[in-house]
1. Among (1) assigned to a loop (DSSP other than H, G, I, E, B); (2) polar (S, T, N, Q); (3) in contact (Cβ under 8 Å) with a residue 12 or more places away in the chain, there is one condition S151 misses while meeting the rest; what is its number?
2. Take the conditions touching a strand residue (DSSP E or B) at 6+ places or on another chain (Cβ under 9 Å), closer than 27 Å to K209 by Cβ, β-branched (V, I, T) and open to solvent by less than 10 Å² (accessible area, probe 1.4 Å) and apply them to I309. Does it pass?
3. Can you tell me which of (1) of a type outside the set (A, V, I, L, M); (2) in a strand (DSSP E or B); (3) touching a His at 6+ places or on another chain (Cβ under 8 Å); (4) open to solvent by less than 10 Å² (accessible area, probe 1.4 Å) is the one C70 doesn't meet?
4. Considering each residue of segment 12-43, count those that are over 14 Å from S319 (Cα atoms), within 14 Å of the chain's Cα centre (by Cα) and of a type in the set (S, T, N, Q), and give that number.
5. For segment 354-388, what are the residues that are open to solvent by less than 80 Å² (accessible area, probe 1.4 Å) and at pLDDT 75 or above?
6. Every residue in segment 245-260 that is under 17 Å from A302 (Cβ atoms) and open to solvent by 10 Å² or more (accessible area, probe 1.4 Å), please.
7. Only residues that are open to solvent by 60 Å² or more (accessible area, probe 1.4 Å), outside any strand (DSSP E or B) and either at pLDDT 95 or above or not charged (D, E, K, R) (or both): list them for segment 154-188, please.
8. Restricting the search to segment 13-36, which residues are open to solvent by less than 10 Å² (accessible area, probe 1.4 Å), assigned to a loop (DSSP other than H, G, I, E, B) and within 19 Å of P308 (Cα to Cα)?
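The values are calculated or read from the model by the stated rules, or taken from the named source; none is laboratory data. Please read all numbers here as calculations on a predicted model, not as lab measurements. When we count neighbours, we look across all protein chains shown, and the Cβ atoms used for this are built from the backbone with ideal geometry, even at glycine. Accessible surface areas use protein heavy atoms only, side chains included; no ligands, DNA or RNA. Shrake-Rupley method; radii C 1.70, N 1.55, O 1.52, S 1.80 Å.
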Amino acid sequence: MNLELLESFGQNYPEEADGTLDCISMALTCTFNRWGTLLAVGCNDGRIVIWDFLTRGIAKIISAHIHPVCSLCWSRDGHKLVSASTDNIVSLWDVLTGDCDQRFRFPSPILKVQYHPRDLNKVLVCPMKSAPVLLTLADSKHVVLPVDDDSDLNVVAAFDRRGEYIYTGNAKGKILVLKTDNQELVASFRVTTGTSNTTAIKSIEFARKGSCFLINTADRIIRVYDGREILTCGRDGEPEPMQKLQDLVNRTPWKRCCFSGDGEYIVAGSARQHALYIWEKSIGNLVKILHGTRGELLLDVAWHPVRPIIASISSGVVSIWAQNQVENWSAFAPDFKELDENVEYEERESEFDIEDEDKSEPEQTGADAAEDEEVDVTSVDPIVAFCSSDEELEDFKALLYLPIAPEVEDPEENPFGPPPDSTPEDGSTHAGGGEKKQRQPSAEGAPPRKKARTTTIELQGVPSDEVHPLLGVKGDSKSKKKAAGRPKGSKGKERDSPFKSKFLKGDRGLAMEARGAGAKGKAHAQTGQLGPGNLVAAPFKQHEVQGLD
């Protein structure tokens with residue numbers, strides 16, 4: 001409603017902390033939809049928590065994966081969400097229903113997934129130690145993008161603002177610009193340090209407005225380029241960056257970088273601490289440093305598409321950074337005066353008269369003409385902030401908000417855990433199955449969820465024993481190890497979860513263990529009761545003993 005007033009004369013970047021969003025689970029990654037009305041947060045227990053950002057409340061929880069969610073991206077219309085987890089699976093979700101439409105299994109861990117900015121049928125995937133892959137959702141086919149050096153497969157990739165080109169960068173500093181339609185090489189250049197030495201490309205990010213993009217490199221410098229200049233230089237060009245941004249004092253390495261919604265500011269999150277550095281793109285000067293809790297390490301940063309708000313993740317919690325809103329009561333009435341102390345009020349003689357006898361009659365010049373004008377109250381003008389430069393109208397099919405769904409009794413239930421036909425027909429599991437059958441149909445009596453189609457992606461020469469950086473020993477933070485360790489087999493989740501009464505019912509790993517080993521029958525024999533708490537107590541105790549071994 002007030003988006004037209006955002007172009008203020010003040011600064012358009014956040015200045016202070018404005019609360020946190022606690023997802024119950026530990027958050028690992030977050031991303032805003034195109035309008036900034038919804039924030040999707042990927043958690044370490046495989047859930048995707050979607051926040052209504054205006055009310056700061058949870059709008060939906062999708063039990064997406066079994067392993068931690070490492071990357072998320074919204075579709076352009078907001079109806080779809082693509083996610084990747086540390087078990088090498090990429091899934092496509094319907095946001096309204098929470099159903100999984102498609103699933104792709106890769107041989108190596110996924111570092112990043114990105115929806116095509118305009119085409120809802122294409123998704124870009126960056127597997128570890130592999131060339132980037134362009135997925136076509138309609139026919140479940142994939143295209144492996146060409147790389148500069150077959151021996152160097154540490155490649156990152158990103159669509160440009162409108163998805164016409166794909167920019168890839170490798171560990172030797174070589175940037176390739178490929179045509180999205182036919183993967184033809186149209187431009188290339190090498191990022192070099194002051195000498196002829198090259199530096200590894202860590203990430204490529206594009207601004208939502210304009211043609212600028214930034215490259216985060218291993219030499220701790222953020223370089224800002226103009227995409228039009230890159231295309232003009234062509235192959236093996238030598239474009240000069242518009243800006244070089246770095247922390248000269250502390251030589252801070254950058255974990256995550258992104259542009260502001262209007263493309264005028266750049267925020268970079270430190271890899272050493274929870275600190276956000278904000279630069280002005282046009283000048284290149286550092287305008288603000290936002291410090292989080294000391295000792296915490298940053299995992300992800302996202303800038304709101306429209307407003308001067310930043311969301312950052314550290315220690316599993318989403319922190320919100322915004323501007324300090326000062327109340328200005330004189331804005332409500334032009335003759336309103338703010339007083340420092342009480343002043344005796346002097347009443348005017350005609351102040352409370354029904355009609356002011358002394359008031360002079362105004363001249364009837366344009367007043368009557370203004371009254372006769374018809375005011376159009378039916379047509380809705382498109383909001384400029386929600387339209388791209390090549391669009392005149394808003395997308396009326398877009399999903400801006402989610403209807404509030406009733407709270408599910410057991411939100412940690414994973415609907416895509418064990419297949420329904422593999423459940424043994426004994427008395428102990430039949431009660432749980434009936435409960436699940438009641439939960440699956442929606443409130444309108446829709447049929448049960450269909451099982452998603454899974455496609456296995458074969459990539460030549462890709463090692464299958466790679467470990468995702470979130471899970472690896474090389475992780476530079478205790479919080480990362482903790483974040484990645486909880487969901488393994490979903491056993492650690494039981495110990496860490498504050499909701500111990502909830503997780504016992506929802507833990508599928510334990511339920512399957514108990515079924516296979518006949519532990520549930522033993523539990524019944526020992527307790528003599530069929531209450532849900534007693535069904536899980538014995539396997540849980542057995543699991544605790546195994547954990548000690």
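1. Going through the list (1) assigned to a loop (DSSP other than H, G, I, E, B); (2) polar (S, T, N, Q); (3) in contact (Cβ under 8 Å) with a residue 12 or more places away in the chain, S151 breaks only (3).
2. Numbers: touching a strand residue (DSSP E or B) at 6+ places or on another chain (Cβ under 9 Å): yes; closer than 27 Å to K209 by Cβ: yes; β-branched (V, I, T): yes; open to solvent by less than 10 Å² (accessible area, probe 1.4 Å): no.
Against the criterion (touching a strand residue (DSSP E or B) at 6+ places or on another chain (Cβ under 9 Å), closer than 27 Å to K209 by Cβ, β-branched (V, I, T) and open to solvent by less than 10 Å² (accessible area, probe 1.4 Å)), I309 does not qualify.
3. (4)
4. 2
5. Going residue by residue through segment 354-388, those that are open to solvent by less than 80 Å² (accessible area, probe 1.4 Å) are 356, 366-370, 379, 382-383, 385-388.
Matches in segment 354-388: S379 only.
6. Those that are under 17 Å from A302 (Cβ atoms) and open to solvent by 10 Å² or more (accessible area, probe 1.4 Å): K255, R256, C258, F259.
7. Hit for segment 154-188 is N182, nothing else.
8. The answer is P14, N33, G36.
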